[in-house]
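The values are calculated or read from the model by the stated rules, or taken from the named source; none is laboratory data. Note that the coordinates shown come from a computational prediction; the quantities given were computed from them, not determined experimentally. A quick note on method: Cβ atoms are made from the backbone with ideal geometry, for glycine too, and the neighbour counts reach across all protein chains shown.
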């Protein structure tokens, strides 16, 4: 029998290695803190003159099924807060604003999101929330309205367009999807389209009624409605693609997040399925070619209401992103997708711009309600500008549809991303189509 | 679509997933045999070791075989650490205490995975995109890698348990720790080794799974589902996991095929229904030892 001492020796050696490796990894990581931050500089300012501290809750998915796009978004949000806190945000009458923010990973679980919402409201008294998913944002929208908390989400669900305290700096999913349908119709009139999405995920389901309604209007034939799980394996994706192949589509709409859509495209390549994939905003970004492999070249396109940051390097917005990354301590290697990072950054920037339109008294007295009013002041007034990263946004009371501009980003045969558009759907109310269908 | 093509390809994918589930289930069973508790930290051992392979290969350009080997060592280390820090101090206490402790370890490992992943959420192992047609079946290199890794680890563990002195000693400890101790076997060390080997098995299964599902925090979902295969086999059965895994793989793939058009998503949840049914009607599984206590 092997001696006890040898076993114990091996075990101790491995434990030591694990601990050392863990410590080394920890040392090399930029921190992802979850408590309010006040840098020494800010603390100095606080002591010198009047400062308004704006409490903000941040809900992100770092460990759940949408963490595939959630972590870079979270980094963008956090970097934006650090950036604006360092650069200085001022109300219209020149009073300094500092953000206190609390980041919570709710793992895409709406019940946990609700718990964190209560924590934000009751413990920290937040004035605004930078949120994430569709199911949780929709669920919390009435509470946010009741509690006068401005809720800027990464969910672009049509249902949120009509909610009084919900905002996002993009067209809703339905309007984006309608633009994709129009693009398909322009490429191939009478095209056969299969819808691939998770039938149980609010985010994936959200634009489907509008797609169906608009497709009928522009002569695109929906020939299949296939379930593709958000938590798919290659085996699941293959099953869905085989089902889709039976319908002989010219185009396939993938309405899930990037991991699931990349697996679907991979499966299509493997099975020799024909048809071009057109993918929802959260299902396609700069990482897609690597994730889906060379088989995805020339047969994949993504919908985007934002400019891909790398394509607008000369813009003010891009320069801000780069500076925010530096301030937050992120290098290029720390951010997988600049698009997701920018989406997080833009949500905070929208909040900042709204605050800059208020005077200090109104802000302190009105809190979330005042920020809402500032956002809606853009309806007839100056739109919110995002330095070239996204089209200017306007919000009208009762209809918070920022704009209707969408680009189609095509992954070419050369493996590069080519931008087509912009496309604007002006002949059809996609938000209404979704709302009427209860989508 | 050709029915033969559909059935053959679905069956092949069921086979691949079945072997992966079997390897994942084996990790649970090895621990259960020596500690009589389900190691609830296993899903995060899977995520953690998968991220180690991904980060080493993608960001430190370590060749995949070397990264995989290192992840096996790390899996062993994590298993041993869990035994030393949790199972050993809790020996003799109610089993629920150890299970609760492993649940705590699950969250610790989840945090470690997020640190190791360098804040990146997901990635591909970057395996070559090579496809093969075998009759009506369309297979990829990742299918074969998943099958080879899963089967190797299962066969290796079965052979070790049956034919090596170490394996026989481990079996003796799992059957009757007091008796084994009376015969001079180092029960503590053998228990620790069993946890370590379970960690290695989990790391190997993680690699096979990552080849099929990419690397993401969601890998823990499949490891949780593999518990159904483990329960079906019987928690103290080693070779039985192959049957448990394959039953689960086939149920899931053919269940999805049949049910998705009517009840989308139900096919992927069949594992949880299996768990419930097994616990209600056959709590010792198909091959588990039925223990009868006389009063």
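Out of A:57, A:70, one residue alone is under 25 Å from residue A:330 (Cβ atoms) and in a helix (DSSP H, G or I). It is A:70.
If only residues of region A:400-439 that are in contact (Cβ under 8 Å) with a residue 40 or more places away in the chain and part of a helix (DSSP H, G or I) are counted, the one that is surrounded by the fewest Cβ atoms within 10 Å (Cβ to Cβ) is A:436. Among the candidates A:114, A:78, which residue alone is within 14 Å of chain B (Cβ to nearest Cβ), at pLDDT 90 or above and within 21 Å of the chain's Cα centre (by Cα)? From the options A:114, A:78, the qualifying one is A:78.
The set of residues from region B:157-174 being in a helix (DSSP H, G or I) and either under 25 Å from residue B:70 (Cα atoms) or away from every other protein chain (no Cβ under 14 Å) (or both) comprises B:157, B:158, B:159, B:160, B:161, B:162, B:163, B:166, B:167, B:170, B:174. The condition (being more than 12 Å from chain A (Cβ to nearest Cβ), touching a residue at least 12 places away in the same chain (Cβ under 8 Å) and either in a helix (DSSP H, G or I) or over 24 Å from residue B:81 (Cβ atoms) (or both)) is satisfied by just one residue among B:150, B:194, B:142: B:150. Are any of the residues in region B:204-212 without any contact (Cβ under 8 Å) to a residue 40 or more places away in the chain and within 11 Å of chain A (Cβ to nearest Cβ)? Scanning region B:204-212, I find no residue that is without any contact (Cβ under 8 Å) to a residue 40 or more places away in the chain and within 11 Å of chain A (Cβ to nearest Cβ), so the answer is no. Summed over region B:2-51, residues that are within 12 Å of chain A (Cβ to nearest Cβ) and at positive phi total 0.
With respect to residue A:204, is the statement that it is within 24 Å of residue A:384 (Cβ to Cβ) and surrounded by 24 or more Cβ atoms within 10 Å (Cβ to Cβ) true? In short, no. Put simply, of B:91, B:33 the only residue that is at pLDDT below 95, farther than 17 Å from residue B:214 by Cβ and assigned to a helix (DSSP H, G or I) is B:33. Checking region B:109-121 against the condition returns a match, with at least one residue being at pLDDT 90 or above, more than 10 Å from chain A (Cβ to nearest Cβ) and within 14 Å of residue B:49 (Cα to Cα). Determine if region A:142-153 includes at least one residue that is assigned to a loop (DSSP other than H, G, I, E, B), within 24 Å of residue A:278 (Cβ to Cβ) and touching a helix residue (DSSP H, G or I) at 6+ places or on another chain (Cβ under 8 Å). Checked against the condition, which is being assigned to a loop (DSSP other than H, G, I, E, B), within 24 Å of residue A:278 (Cβ to Cβ) and touching a helix residue (DSSP H, G or I) at 6+ places or on another chain (Cβ under 8 Å), region A:142-153 yields at least one hit.
Rundown of residues vs (1) in a loop (DSSP other than H, G, I, E, B); (2) on the phi > 0 side of the Ramachandran plot; (3) crowded, with 22+ Cβ neighbours inside 10 Å, yes/no style:
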residue	(1), (2), (3)
B:220	no, no, yes
B:223	no, no, yes
B:265	yes, yes, no
B:273	no, no, no
B:285	yes, yes, yes
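When residue B:253 is tested against (1) closer than 22 Å to residue B:8 by Cα; (2) surrounded by fewer than 18 Cβ atoms within 10 Å (Cβ to Cβ), only condition (2) is not met. The residue of region B:122-139 that is nearest to residue A:258 (Cα to Cα), among those that are assigned to a strand (DSSP E or B) and within 8 Å of another protein chain (Cβ to nearest Cβ), is B:123. Tallying residues that are away from every other protein chain (no Cβ under 14 Å) and on the phi > 0 side of the Ramachandran plot within region A:281-324 yields 1.
Highlighted here are the helices (runs of 4 or more DSSP H) found entirely within region A:172-246 that include at least 1 residues which are within 14 Å of chain B (Cβ to nearest Cβ): A:202-205, A:208-218, A:234-245. You will find that of A:319, A:242, A:287, the residue that is more than 22 Å from residue B:221 (Cβ to Cβ) and not assigned by TED's automatic domain parsing to the domain that holds residue A:387 is A:242 and no other. Against the test of being assigned by TED's automatic domain parsing to the domain that holds residue A:243, under 22 Å from residue A:107 (Cα atoms), in contact (Cβ under 8 Å) with a residue 24 or more places away in the chain and within 18 Å of the chain's Cα centre (by Cα), the options A:204, A:141, A:153 yield a single qualifying residue, A:204.
Of the listed requirements (1) in contact with a helix residue (DSSP H, G or I) (Cβ under 8 Å, 6 or more places away or on another chain); (2) buried (at least 21 other Cβ atoms within 10 Å of the Cβ); (3) within 14 Å of another protein chain (Cβ to nearest Cβ), residue A:67 misses just one: (1).
Candidates are the residues of region A:247-302 that are in a strand (DSSP E or B) and under 15 Å from the mean Cα position of the chain (by Cα); the one that is surrounded by the most Cβ atoms within 10 Å (Cβ to Cβ) is A:279.
Annotation: of all residues in region A:162-201 being outside the structural domain of residue A:419 (by TED's automatic domain parsing) and more than 17 Å from the chain's Cα centre (by Cα), the one that is surrounded by the fewest Cβ atoms within 10 Å (Cβ to Cβ) is A:162. Looking across region A:325-348, the residues that are away from chain B (no Cβ under 14 Å) and touching a strand residue (DSSP E or B) at 6+ places or on another chain (Cβ under 8 Å) come down to A:347, A:348. Checking each residue of region B:64-83 against the condition of being more than 14 Å from chain A (Cβ to nearest Cβ), surrounded by fewer than 22 Cβ atoms within 10 Å (Cβ to Cβ) and farther than 18 Å from residue B:150 by Cα gives no match. For residue B:177, indicate whether it is over 28 Å from residue B:68 (Cβ atoms) and more than 13 Å from every other protein chain (Cβ to nearest Cβ). When the stated conditions are applied, residue B:177 passes them.
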